[in-house]
1. Considering the dipole of the chain built from charges on the beta carbon (Lys and Arg +1, Asp and Glu -1) around the Cα centre, which of GLY358, MET1, PHE402 is farthest to its positive end?
2. Any idea of the accessible area per residue across the stretch 258-396, 1.4 Å probe, to the nearest Å²?
3. Between THR292, THR233, THR97, find the one with the highest GNM mean-square fluctuation for the chain; connect C-alpha pairs within less than 10 Å.
4. Roll a 1.4 angstrom probe over the protein heavy atoms and tell me the percent of accessible area of the stretch 136-214 that is carbon or sulfur.
5. To the nearest 20 debye, what is the magnitude of the charge dipole of the chain about its Cα centre, counting +1 on the Cβ of each Lys and Arg and -1 on the Cβ of each Asp and Glu?
6. Given a Förster radius of 41 Å and the C-beta distance between ASP3 and SER223 as r, what FRET efficiency does 1/(1 + (r/R0)^6) yield to the nearest 0.05?
7. In whole Å, what are the Cα extents of the stretch 218-332 along the three principal axes, biggest one first?
8. Modelled label-to-label distance, LEU410 and MET164, 7 Å Cα→beta-carbon offset: nm?
Amino acid sequence: MLDMDLIRKDREAVASALAKRLDPAEVTRALDEIQRLDQARRALITDIDADRQRRKAEARAYAAAKRAGAEPEASAPEAGRKQLAELEAELAEVQATLRARMSELPNLPADDVVAGGKEANRVVKVFGEPPTIGQVRDHVELSRALGLVDHERGVKLGGSGFWMYTGMGARLEWALLNWLIERNIEAGYEFLLPPHLLLDTAGFAAGQFPKFYDDVYHLDRQSAPRGQFLLPTSETAILGAYQDEILDPAKLPLRVFAYTPCYRREAAGSHSDERGTVRGHQFNKVEIFQFTLPEQADAALTAMVDHAESLVEGLGLHYQRSLLAAGDASASMRKTLDIEVWMPSTGKYKEVSSVSWGGDYQARRAAIRYKEPGGKQTRFVHTLNGSALATSRLLPAILEQFQQPDGSVLVPEVLQPKLGVDRLTPPTR
């Protein structure tokens, strides 16, 4: 969430940044209420502190009079406890409401992030050229012809939005995951395999709850009284793993990555550019993550984008990089750069990696801090995350970009040793 001190000191700058994402009138209403609650909270704290000091003085006077055998002028200490309890209860209610309102505000977009939605996204890099293909076949047709994905049995097993990799398709998916894992380790990231079931506190820390609470699969409260859900991305697990910790600044930036399936309730795509494995309820993804000092964040963002792009380039895929407008980026992120692969069948680009800088927004929600050497105060770290990569979209891009006139598909050179073949062909059986 945002820094309350920043809202107090420079409300105009906060309002201007939030207006890139929200209606200005909505921003004004939200900040008005937050500042009203903040003022009420501070006034109550002042009243409670004054009441405690008064009660202490009265208690001392009462005790002194009793010791002297005189009739106490002050009332017994118990007399003021009810009033103090009422003030403390009111403070707790105001603080809870203030926290709820603060948690609803999105992050402040970076200065170079423009207002608007998808229409305002800006392409900032293009790698390679679209392949020249005579008769383009889409990845769904190719995956069926080559025996790589069984969409029908996937639906039979899980319902709409699920699929099952088969044969060489399962091997290609696993080869991609292994290759990505190896490259991330080589880049200096520590490998994690987190639980797939997370507590609701992890969803709040990542900024996904409460706004996107209904976008994930939850266990019923009888089975999970504390609240548990299937993770929608391993970003949520990585961040949640470090909740309420004070990190050693000498060990920052902390670079970690995780492989997990991701589970989302969002509808599977029915449009031509979201068919097959492009969008579904369960897919595989490798996620890189960094915890940094504030002054390390810019360099970390550049390094993460360069690394994610090196993976796409290593596969030989044509792609572009886009700087997302404020309205198209995650509400938790200050800045997001998408790496998008070319899909010949639709003539469009599809995102395979979003690399984002969250500033201290997530760390503030998760209470992840560091202590400067020799200092007593703690500060919040900065968080950055990025897909490296989402294989359910890599596989369609490989099939479409490397398809051949005879119906086969060339295997990226880096994956050939893992698969033992240089091209995919229809099964003989």
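1. Result: MET1.
2. On the way: 4370 Å² over 139 residues.
So the stretch 258-396 comes to 31 Å² accessible per residue, rounded to a whole number.
3. THR97
4. On the way: 2360 of 3890 Å².
Carbon with sulfur: 61 percent of the solvent-accessible area.
5. Numbers: 54 positive and 60 negative charges, 169 e Å.
Dipole of the chain, to the nearest 20 debye: 820 debye.
6. Values: r = 37 Å, r/R0 = 0.91.
That gives a FRET efficiency of 0.65.
7. 46, 45, 28
8. A separation of 3.3 nm, rounded to one decimal place.
The values are calculated or read from the model by the stated rules, or taken from the named source; none is laboratory data. Everything numeric here is computed off the predicted structure, so don't read it as measured data. Glycine gets a Cβ as well: all are built from the backbone with ideal geometry, and neighbour counts include every protein chain shown. Note: accessible area is taken over every heavy atom of the protein model, side chains too, but ligands, DNA and RNA are not part of it. Shrake-Rupley method; radii C 1.70, N 1.55, O 1.52, S 1.80 Å.
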